Every structure is written in structure tokens, then in C-alpha cells.
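A.B. asks: Have a look at this one.
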Amino acid sequence: MSFLLKIALRNITRNKFRTFVSILAIAVVVAIVVFTRGLLLGFSESTFRLIVDNQSGHVRIINEEYKNREALIPLDQTVDGFRGEGLAAMLADLKEVTGVEHMLPRLKFGAIASPGDEMITMMGIGIDPGSEAEYGALTKDITAGRMVEDGREILVGKSLLDKLDIELGERITILFSDAYQSFQGRTFTVVGVRETGLKMMDEAMFYLPLAEAQQMLYLDDEATEIMVFGSGIREAEQLKENLTDFFVAQGADDKFAVLAWQETDPFIEYFQIAVRIYDVIYVFFILLGSIVLINTMIMIIRERTAEIGMMGALGLKSRDILKVFSLEGAIMGIFGSLLGVIPGGMITYYFSQVGLDYYADMLDDMEILIAPAIYPVFSLENLFISFLFGAVITTLVSIWPARKAAQMEPVDALHREI
Amino acid sequence: MYLLRIAIRNLFRRRRRTIVTAAVLAIAIIIFLVVESLMAGLTEMSYDNIINLESAHLEIGREDFFQDDYKSKLRKSFSLEQELRENIRAIEGYLSHTAMLEFNANITTGRDEFPVQVRAIEPESFQEILTNANYIIAGEFLSSGSEGLVIGSQLAEMLSLEVGDFYTLLFQDQEGSFNTIEGEIKGIVSTPHPEMNLSTVFYNKEFAYDALRVETGRANRILIRLDDRDRAIEARENLLENLSGTGFAVRNWEDSAEMIKAMQAAGQIENYVVLGLILIIGGIGITNVVILAALERMEEIGMMKALGLKEKEIVGIFALEATGIGLLGSIIGCIFGFISVALFSNFGFDMDFLGGTETTYGIPIMGRLYGGWSPWSFGLVFIFGIFVAFLASLIPAYWAARKDPIEAIYRR
């Protein structure tokens, strides 16, 4: 083998310019793959994190009937314990399930405010300040003031605050229908401002202490959903299974829907399909680049027909000849992939610091949680996988022309002078 | 001419190499054309939906009406004075107009409540402007003299409403006090514009004035239909000029389609990037082909030089050969691109797999998507493919032509 490797290495250096162009072609495609993967990883990670942190948790527990009527923000299908024994008791039980790290009970309701004479529709979200602070996603976007603690305090989205035309520290009366459909009003003090950069949240949502929300809506010890967090997004499936088992054991699996984060929004599903399609695109891309390698190898083989005949005559088996040539191709491919990872990594690193936000305009009217700027992910794992993509595919590709060389009859090959 | 003949002959010497390299360019072109068609189709469909179902070609409202859409719209009503009507009629290409009163309300049906935008319309003139009435799937659309509410299919489904069911609209009237309109659902529409199916409802304007406490005859939004949508830009300018100083704002359909335009722009950038990337690979492929050809034909190059061909002419031969590959790639790409786009624009494909009726993420399209044609993009990529091939061949061609003739012949 080392003898064959020596031949292959020597052959590579026979025409350096030609070799260089083939390596360059592979390097360019691998660099593109590195960057595209980094971009897509960055996009999906930030988008998924937004959805997980604000909408679903790793696993979302809601009332089975709430699922189809969520757009109405109904208050009559709540999470109120396995058998109606109350939210607090349920949370205490769920805490014991393996893998559960954080639980954020939330109580969502529709509300309106009319400062001056406009009517502004909003969504109120009752949150448990303690557990929210512990998890941290909500608190980290607070740009002014503080988190709500208890009593009649609200944390308001930045654009909503502008719409309401009030300032931090001022009071606002909010109108809503309670669980018995009667129309009520209550006055709150704005203690904090939250800014995420996402219109969908900043313009319509405010947060208040869960206890206050429960009391004013007549939903004592109830919530509309529980967001459950485990150790990480990859463990969500397992966490869902554990929770489902627990619900079955409690006999409450009909009453509640236990949904992993990716099941909560069909958008995520399409996104994940798209990510898989991209894997095919990478392969396709590298194949396109490999055409250069194939062309070069076909020429090399044509050039060395006499040599191949000689090697055969000297006793090299056709398998060895196959090895010599595919090794030559593989070395070019591996070297090219290695070379491509460097500029690809550099570009990815640059943009991972600067971010890309050319499509932010169109998000204004979109009703999805999408990160307004993409920060591509620069990770060694990505570099390595892209390198592997390039190296493996080019190696496989180079077997094809090498087979032609191996199939030649030594006598014919020797005879065919060019 | 002589050089061209050599180049063409050379092109056929290694047929497989020529075709494979041209295929890379062709693939770039096909992908570009199909994506371009997809986007054109998407944009066209969105424009149609916006024009036919949402805002017609031109709309007039008071300046503050369009500025902050969440603030009490009823305060921004105006009466259609003679002068305004004359101005509207004077628009070039004017077909008809309709006046409506638009306001926000919450629709309730007992236990559930949902925020909607109510369009209080004049049924007759409205139907000359927008086509919502054609999409009725149950009951009937509004007609003058009869009361009732027309809602979208998605709203009906969500609130489990049927024709004949009772509803209540809760809103703030012009004075700011809460008031309601009650009655029966008269019809349900299911349009290709998702927003119209969920959060927009229609009511007969003549019955609305009392409850809204708006003086009879007033409106806050006028929609105008022209004979050609391309006239809208100019018409808007003219109308603005005539209405200057009166506090009216004029928007054309493109203003309502800003998100679509942003999407299209973003999509276009992406498409050009992808085209560029594949063409880079194609370019490297062509550089490689020229190098390989030059290496193969060293003796020939030496011979040509010995026979008196200038360096420039040798460069020309190689560049022509590469351009030939580019031409071949462009032709193959455009033919297959044409076939794909033709299939796509004739048969279209169903967008239901994108979540069907429930989720459309604010994009005003539903149902079947047909590809659009954009002839100039064919021309663009055709030329671009050839140009890239030509450009990629120059450096290696110079490299080949520089070879010393004696050394080149003697190489072996």
C-alpha cells in the first residue's frame, strides 16, 4: 500500500498546475458548503431558540381542546391539574419526572386598552416571576425597568408601549373578559419594557404576575399552558416521552396534549424538511465541483495509458492500479477539502460576528417567529463535517475514472501510443 | 473565421468533457430560471390577490388614515364632495370606485371573541371593484337594502359559525363609546387571500352609520379600479397633485404590497447568489478544461506558432472553444429551463403542503401556484453563461499561448 501511495504522490506532483486547479475547484465548493451550513445552522438555531423560549418550551403541555382553538385565546380549556386538583399540585408532581429542569406556567388572555380613544388589542400573559427569572429567556430582553414581581405590575413590549402612548412607571387601564365572560377593567403600573426586535411580540404582548392574572380572570390555580424545559433541545423527544408516560400513569392523557417543541408549529416541520433538502444540495454541489476532478483524471489516465500497460506488465494487479489512481484523486479531494475549510471558516467566522440581516424588512408583516438577523454558526463541528462531505464524496467520485484505468488490458494499453 | 473553425473542431475532440462541463453551466441556468419563475409566480399571485381582494389599484384616505392603522379609523371619515368625485373620475383609465367605512371590532358568538376588521361597504359598487363576492361558498353576498354580515371561511370554522347564526360586533363608535352591531351571518367567503378569510368581515354600509355614529354618506377609504394596473403609479402622482392641500393621501396597490416586494427582493438576492456560486464552479470547470486541452495539445500549439500564428490568435482559439462550451451550456440550460417553466406555469403546483388553509404566515396567497414568465431573465442568463465561460478561459489561454514553440514541440 505504501508503495502505491508513493506512486500516487509522485504522480500528483508531475503536473503541478493541473493538480492545483483540481484542488482549487474542490476547495471552492467545500468553502461554499462550510458557509452555507454555518448560515443555515445559525438561522435554524436562532429561530428554534426563539420558538422554544417564547412559544413552546422543549415540551408544551396544554389542554387537548385548547390546541385547535388557540387563536381565540380561550379561557375555558385550561391546565388545572391531572384531575382538576390545581396547577400547583400538578407542577409539584411534574417536577419529579425525569429530565424536567424548568417549568414555566403561563396564562394567556386577550385584552384591550383604550388610552385616549383608540382601542388596542393585546395579549396578556400571566407568568410566574420566580421560575421565569430562573430560566432567564424573558428577563434577558428587558431593556428598561425590571421584571414584574407581584400585584398590579406589567412588563410591556416596546412597540406596544409606544402604541399605548405611555412611559415606564405610568399606569394604564386594561380591559378583558374573565373566565365567566364578563367584561372587566384593571389598572396596572408599567414596571418594565421588553424589546426582542420581533414585531409580533413587541407590539402585542404584555406580562403580568401569574397570581394576579389568575385572580382577576377567576382562574385560581390554573394556567393555559406549561412550558417544560429539559437539559437541552436535543433531549426534547425523550422529555416528551417521559412526560407522556407520566400523564398516562395519571390517567390524564386524554385531557392534555403533551407536545414536543417541533410539533407546536407546522413552520418548524417545513423548516426541518428544508434543512434535510439542503443536505442533498451540499452533495450535489460537491459533485458539481468534482466534475473538474473527473475531467482531470480522465486526461491523466489517457496520458499514462502506456504507463498503465507497463505497470500491468510488471505485475501490478488491476486492483492495485485502481488504488493508484483513486488514491491520486482522493489525495486531491482531501487536500482540496482541507484547503476549502480555511476560507470557508474565515468567512463564516466573520459573519458570525457581524450578522446578516438583509431580509429583515419582510418580517414586519410576517406572522412567524423568525430571528431578524442571522448569525452563522462558526463551529469546529461544522468545519469537520463539511470537510468530511468534501473528502468522502470526491474520493468516491475518483474511483469511477480510476476503474477505467484498472480495466485496461496491459497489452492493449502498451500498444496504444498516443 | 479560420480560428473559429479550429475552435469548433477542437470542441468536438473530447465530447464527453465538453458536455459535462457545459452541463454544469446548464444546471446553474435551469435552477436560476425555475426559481425566478417560482418567485415571479408568487409575486404575481400576491399582486392579483391584493388588487382583486384587498385594495384595488388606487385608494384614497385621509393622510392620517394610512399612517397609523391601529388608531380609531372612524374619526378619519370624510364626505365625498363633488370636487373629489370629479377628481377621481378624471383619472386616466378610470373604471369605477367604491367608498367604504373601515373599523376594528371584536366579533363574539357567545363564549369566544376574535378581533376583526370590518369593511362597511356599498354592495353594488364594491362588486365592481373587488371580487370577494365571487368566492362565496355559503349563503349570499351583501346586496343593497339587506342587512347581514359576510365572514371568511376560516373565521367561520374557528368560531363554528354557519349562515343564519347570530353574531355580535363590539367596537368603539366615533365618539369613543362602546357599541355593538348584532344580526345574522349572511354569507361565507373562501378566497385565495388568507387574511380575507380570517380577519376581515363585510357589512352593509347603509345600516352601519347609526351604530357607528358617523354621519350618513361619509367614508374613510375609497378604492378605485383602473383599466390597467400599470397606470396606477402615474395616476397616483396626478391625483396627489390635484388633491394637494386637501389632506388626502393616495396609495397604489404597490404600497399595499410592500412585504411582497421585500420578500421578492430578498429572494432575488438569494437566487443571484446561488446562480453566482454555481457559475463559479462552472468557471473553474472551464478553466480546467482549457488547461487540460492546452496540455494535451502542446505539440499543436508549438506547431501553430511555428506556422506563424500569433499569441493572440492562439488565445482566441482557446477562448472561442471555451465560449463554445458556454454557448452549449446556455442553450441546454435555456431549453430545459424553458420546458420546466412551461410545465410549471401551465400545471402549477399545490401549495397545500405548506400548511394548507390554516397557516400562511401573513403571505397573501393560497391554493395553486403557477410559475411566471420573465423573458428578460432568459436573455440575462444566456448571455451570462457565455460570458462566464469566456472570462474563465482567458487566463489559462494566455498561459497556454505563452509556451515556447520549440519547447512545446519538443516536450516529449
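The values are calculated or read from the model by the stated rules, or taken from the named source; none is laboratory data. Because the structure is a prediction, the values reported are computed rather than measured. FYI the Cβ positions are ideal-geometry reconstructions off the backbone, even for glycines, and counts take in every protein chain you see. Side chains included, ligands, DNA and RNA excluded: accessible areas come from the protein's heavy atoms. Shrake-Rupley method; radii C 1.70, N 1.55, O 1.52, S 1.80 Å.
A.B. asks: Can you give me the number of residues within region A:259-312 that are surrounded by fewer than 16 Cβ atoms within 10 Å (Cβ to Cβ) and outside any helix (DSSP H, G or I)?
C.D. replies: 0
A.B. asks: In region A:217-247, which residues are open to solvent by 80 Å² or more (accessible area, probe 1.4 Å) and part of a helix (DSSP H, G or I)? Spell out how you get there, then give the answer.
C.D. replies: In the first step, residues of region A:217-247 are kept if they are open to solvent by 80 Å² or more (accessible area, probe 1.4 Å); the result is A:218, A:220, A:231, A:234-235, A:237-238, A:241, A:245.
Once the filter is applied, which keeps residues that are open to solvent by 80 Å² or more (accessible area, probe 1.4 Å) and part of a helix (DSSP H, G or I), region A:217-247 yields A:234, A:235, A:237, A:238, A:241, A:245.
This table checks each residue for (1) open to solvent by less than 20 Å² (accessible area, probe 1.4 Å); (2) touching a strand residue (DSSP E or B) at 6+ places or on another chain (Cβ under 9 Å); (3) within 14 Å of another protein chain (Cβ to nearest Cβ); (4) at pLDDT below 85.
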position	(1), (2), (3), (4)
B:272	no, no, yes, no
B:275	yes, no, yes, no
B:335	no, no, no, no
B:342	no, no, no, no
B:345	no, no, no, no
B:357	no, no, yes, yes
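A.B. asks: Here are the criteria: (1) more than 14 Å from chain B (Cβ to nearest Cβ); (2) over 16 Å from residue A:217 (Cβ atoms). Tell me which single one residue A:55 does not satisfy.
C.D. replies: Going through (1) more than 14 Å from chain B (Cβ to nearest Cβ); (2) over 16 Å from residue A:217 (Cβ atoms) one by one, residue A:55 breaks only (1).
A.B. asks: Filter region A:171-211 down to the residues that are open to solvent by 20 Å² or more (accessible area, probe 1.4 Å), touching a residue at least 24 places away in the same chain (Cβ under 8 Å) and among the charged types (D, E, K, R) and list them by number.
C.D. replies: A:186, A:195, A:199, A:203
A.B. asks: Inside region B:1-86, counting only helices (runs of 4 or more DSSP H) that do not spill past its ends, which hold 3 or more residues that are free of Cβ contacts under 8 Å to residues at least 12 places away in the same chain?
C.D. replies: On the way: elements: B:2-11, B:15-49, B:63-67.
Those helices (runs of 4 or more DSSP H) span B:2-11, B:15-49.
A.B. asks: Let me ask something additional. Take the conditions open to solvent by 40 Å² or more (accessible area, probe 1.4 Å) and either in contact with a Leu (Cβ under 9 Å, 6 or more places away or on another chain) or among the hydrophobic types (A, V, I, L, M, F, W, C) (or both) and apply them to residue A:48. Does it pass? Walk me through how you get there before you give the answer.
C.D. replies: Numbers: open to solvent by 40 Å² or more (accessible area, probe 1.4 Å): no; either in contact with a Leu (Cβ under 9 Å, 6 or more places away or on another chain) or among the hydrophobic types (A, V, I, L, M, F, W, C) (or both): yes.
Taking the combined requirement at face value, the residue does not satisfy it.
A.B. asks: Can you report the number of residues in region B:25-47 which are open to solvent by 10 Å² or more (accessible area, probe 1.4 Å) and not β-branched (Val, Ile, Thr)?
C.D. replies: 8
A.B. asks: So how many residues does region A:360-412 have that are at pLDDT 75 or above, under 30 Å from residue A:200 (Cβ atoms) and open to solvent by 40 Å² or more (accessible area, probe 1.4 Å)?
C.D. replies: Going through region A:360-412 one residue at a time, the tally reaches 2.
A.B. asks: Now for a different question. Quick check on my filter: what residues within region A:62-74 are open to solvent by 30 Å² or more (accessible area, probe 1.4 Å) and touching a residue at least 24 places away in the same chain (Cβ under 8 Å)?
C.D. replies: So the first thing to find is which residues in region A:62-74 are open to solvent by 30 Å² or more (accessible area, probe 1.4 Å), and the list is A:64-65, A:67-71, A:73.
Selection gives A:64, A:67, A:73.
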